[in-house]
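Only the coordinates and a few stated rules stand behind these numbers; no lab work does. Since we're looking at a predicted model, the values are computed, not measured. Cβ placement follows ideal geometry from the backbone for every residue including glycine, while neighbour counts extend to all protein chains displayed.
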Ligand SMILES: *Cc1c(COP(=O)(O)O)cnc(C)c1O
């Protein structure tokens with residue numbers, strides 16, 4: 001299948017209410033165009049410089065999502081145009097994004113990344129740290145960010161039971177946050193989980209947003225020079 005056909009196929013097969021973020025990191029703009037002509041408008045990248053360059057070259061109705069962890073000095077590069085940042089793992093990052101969004105007179109949507117996987121090298125808040133931070137209520141004073149929900153990754157494994165347990169945990173965290181801290185907030189609506197290898201399980205567990213890269217664009221070549 002071509003990239004265009006893959007997108008059309010996903011548009012047909014993903015349930016209503018599940019947003020597809022096409023993860024285009026490392027892939028050239030020509031490949032993004034092929035997804036775009038099929039109607040795909042939401043794309044995710046993990047490097048600020050690459051994001052900016054693609055933003056400049058591609059149609060302006062694309063919504064760009066940042067999915068990777070970020071050095072704080074790189075926020076300024078993407079703040080003028082980024083639509084959502086999935087990878088908030090600290091109070092410091094949240095406050096900096098708020099500051100940069102304010103400079104641009106924008107509101108940036110963000111997701112709290114929560115660490116539930118077995119791998120220690122994965123990013124994200126520990127659940128207890130996130131709840132302690134939310135308890136302070138300080139996020140309410142950040143007028144230029146909008147907390148839209150939770151993002152997470154399951155352990156990379158063949159053990160479907162473990163993957164399901166981790167996605168269910170993310171959903172529980174999302175629902176608790178909704179109840180305790182974001183009650184009545186119509187913008188708190190996003191649970192971003194599921195990649196190529198596990199998105200079907202993620203959807204069963206309540207994902208409202210999936211992040212698919214290799215399924216759409218094929219394997220990534222990290223050795224290629226950009
Ligand atoms: C690269 C990446 C994806 C997409 O992974 P695939 O397995 O290619 O679908 C999703 N989420 C994050 C955070 C990523 O870094």
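Arrange 192, 87 by Cβ neighbour counts within 10 Å, fewest through most, would you?
Numbers: 192 28, 87 20.
Result, fewest neighbours first: 87, 192.
In the distance distribution for the stretch 85-215, Cα-Cα pairs more than 19 Å apart total 47 percent.
Take the Cα of residue 76, step 7 Å toward its Cβ, do the same at residue 16, and the gap between the two points is 4.6 nm. Each listed q (0.10, 0.17 Å⁻¹) maps to a log10 I(q)/I(0) for the chain from the Debye sum over equal C-alpha point scatterers, namely -0.44, -1.32. Rg/Rh for the stretch 140-226 stands at 1.07; both radii use Cα atoms, and Rh follows the Kirkwood definition. This ranking places 110, 147 by how few other beta-carbon atoms lie within 10 Å of each, fewest first, which gives 147, 110. Modelled spin labels at residue 169 and residue 49, positioned 7 Å past Cα toward Cβ, are 3.5 nm from each other.
Most mobile of 16, 34, 49 per a Gaussian network model of the chain (Cα springs, under 10 Å)? Sorting by GNM fluctuation, first place goes to 16.
The alpha carbon gyration tensor of the stretch 91-143 gives principal lengths a ≥ b ≥ c with a/c of 1.5 or higher and a/b no greater than b/c, which makes the shape oblate.
Mind checking the full-extension length gain between residue 5 and residue 102? Use 0.36 nm per residue of separation minus the Cα-Cα distance, one decimal, nm.
Numbers: separation 97, 0.36 × 97 = 34.92 nm, distance 3.96 nm.
So the chain would gain 31.0 nm between residue 5 and residue 102.
For the stretch 52-110, pairs of C-alpha atoms spaced more than 13 angstrom apart make up 58 percent of the total. Given their separation in residues at 0.36 nm each and the Cα-Cα distance between them, residue 183 and residue 31 gain 50.7 nm when the chain is fully extended.
Each residue in 145, 88 was given a count of other beta-carbon atoms within 10 angstrom of its own, and listing them fewest first yields 145, 88.
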